[in-house]
Amino acid sequence: MSIKLIALDLDGTALRSDNTLSHTVASAIESAASRGIEIVAASGRPFHSMPKSFLELKGVNYIISSNGAAILDRSGKRINRTLMAEQEVIKLLRLTEDCDLIWEAFLEGATFTDIRYLRDPMKYGCTPAYVSYVQGSRGGLNDMRGYIYENRRRLDSVEYVCTDKSLREKVRARLEANLTESYITSSSANFVELMHRDATKSNAVKWLCKMLGISQGETAACGNADNDADMIACAGLKAAVANASENCKNAADIILPSNDSDGVAELLKTALAV
């Protein structure tokens, strides 16, 4: 069966570690699109912080943002949205009121973050290559918990940043034991992300496939982190880059070269040959 849709994670997958898109990957994407394959950006990022270098490629017509909470067309118009449950947000705030965490909130394509993170991203685990991205894509607030509560009916997703592994895992375990309507995942070591239980990358890809008349067997997916594993597992052609997490690799049938070695370009060549 031929591949008709390819869903690609961005950070750590299609993008290099320096937050750039290589010419090799860009050319491979446009080549695949010219052959009729739908190329879908599937990212944990909200829409307004998606890299233009990727979105402006010919053939990238759909964007999955905030880990599946929103699906947009090329113009930025939302065509599907799955918001967090209000009562889950209230419960989340109550369960974490004793913890001093760096919170971020995603809604309507924008991001707001704790002012402490905005002022010094590297203190909280951000790599040097992503400092300018963080500081240029977020608004900073002193009271993120208050902001989250105020917008409890409008949230695509929230996440906390914590470099203390023991605290990070303790909080995550507490949330997993008590939240019943949330999907909890991670896109990198210091981040824990929460959205509605139906707001996953895999569900977003399924929704697009139904709209476009494409079967799951006619899809390919590639990623590098735990939040990509469900999307990869549901694809016909399952791939992970060499720098991927173990959960991500376990969901894949093909391990590609790393994001810094243009692994996604190898996937696109394979998809065209199927």
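Please treat every number below as a calculation from the coordinates, not as lab data. Please read all numbers here as calculations on a predicted model, not as lab measurements. We place every Cβ from the backbone using ideal geometry, glycine too, and count neighbours over all the protein chains shown.
Taking θ as phi - 60° and the Karplus parameters 6.51, -1.76 and 1.60, the scalar couplings of the stretch 145-151 work out to 5, x, 5, 4, 5, 4, 9 Hz in sequence order, x denoting glycine and proline. For residue 42, the amide hydrogen comes within under 5 Å of the amide hydrogens of 8, 9, 10, 64, counting only partners 5 or more places away or on other chains and with H modelled in the peptide plane. Given the alternatives [x] 19.1; [y] 12.9; [z] 21.4, mean projected area of the Cα convex hull in nm² as computed for this entry is given by [y].
Taking the Cβ of each residue in 180, 13 as the centre, tally the other Cβ atoms inside 10 Å and list the residues starting with the fewest.
On the way: 180 10, 13 29.
In order of increasing Cβ crowding within 10 Å: 180, 13.
For the residue pairs 210/269; 165/249; 123/238; 58/123, alpha carbon separations beyond 32 Å are given by 123/238; 58/123. Rounded to whole numbers, the Karplus 3J(HN,Hα) couplings from phi for the stretch 90-98 are 4, 5, 4, 5, 5, 5, 10, 5, 8 Hz, using 6.51 cos²θ - 1.76 cosθ + 1.60 with θ = phi - 60°, and x at Gly and Pro.
If you average 1/r across every pair of different Cα atoms in the stretch 159-217 and take the reciprocal, what Kirkwood value do you get, in Å? Write down the numbers at each step before the final one.
Values: mean 1/r = 0.0765 Å⁻¹.
Roughly 13.1 Å, rounded to one decimal.
The orientation-averaged projected area of the convex hull spanned by the Cα atoms of the stretch 201-264 comes to 3.8 nm². In plain terms, the chain is cut at each of the GluC sites (Glu not before Pro) found in a DSSP loop with at most 16 other Cβ atoms within 10 Å, and the longest leftover piece is 182-274.
Exposed loop sites, defined as trypsin sites (Lys or Arg not before Pro) outside DSSP H, G, I, E and B with at most 11 other Cβ atoms within 10 Å, are absent from the longest region of the chain, namely 154-274. Converting phi to 3J(HN,Hα) with the Karplus coefficients 6.51, -1.76 and 1.60 and the offset θ = phi - 60°, the stretch 260-273 yields 7, 10, 6, x, 4, 4, 5, 4, 5, 4, 5, 4, 5, 8 Hz in sequence order, with x at every glycine or proline.
Working from the pairwise distances between different alpha carbons, so that the mean of 1/r is found and then inverted, what is the stretch 86-195's Kirkwood radius in Å? Don't jump to the answer; show the numbers that get you there.
Numbers: mean 1/r = 0.0710 Å⁻¹.
14.1 Å is the Kirkwood radius here.
Helix-only arithmetic for the chain: the sum of -39500 (n - 2.57) across DSSP H runs with n ≥ 4, divided by the residue total, places the mean residue ellipticity at 222 nm at -9500 deg cm²/dmol. Its residues counted as N, the stretch 138-274 yields a C-alpha radius of gyration over 2.2 N^0.38 Å of 1.20.
If neighbour count is taken as other Cβ atoms inside 10 Å, put 161, 241, 25, 131 in order from fewest to most.
On the way: 161 21, 241 30, 25 25, 131 14.
The order, fewest Cβ neighbours first, is 131, 161, 25, 241.
Once you order the gyration tensor axes a ≥ b ≥ c over the Cα atoms, which shape class does the stretch 187-229 get: rounded for a/c under 1.5, otherwise prolate or oblate by comparing a/b with b/c? Oblate is the answer for the stretch 187-229, as a/c is 1.5 or above yet b/c matches or exceeds a/b. Proximity of backbone amide H atoms, modeled 1.01 Å from N, is registered between residue 237 and 219, 220, 221 at under 5 Å, excluding neighbours fewer than 5 places apart on the same chain. Candidates 147, 90, 127 compared by Cα position along the dipole of the stretch 86-195: farthest toward the positive end lies 127, with charges placed on Cβ.
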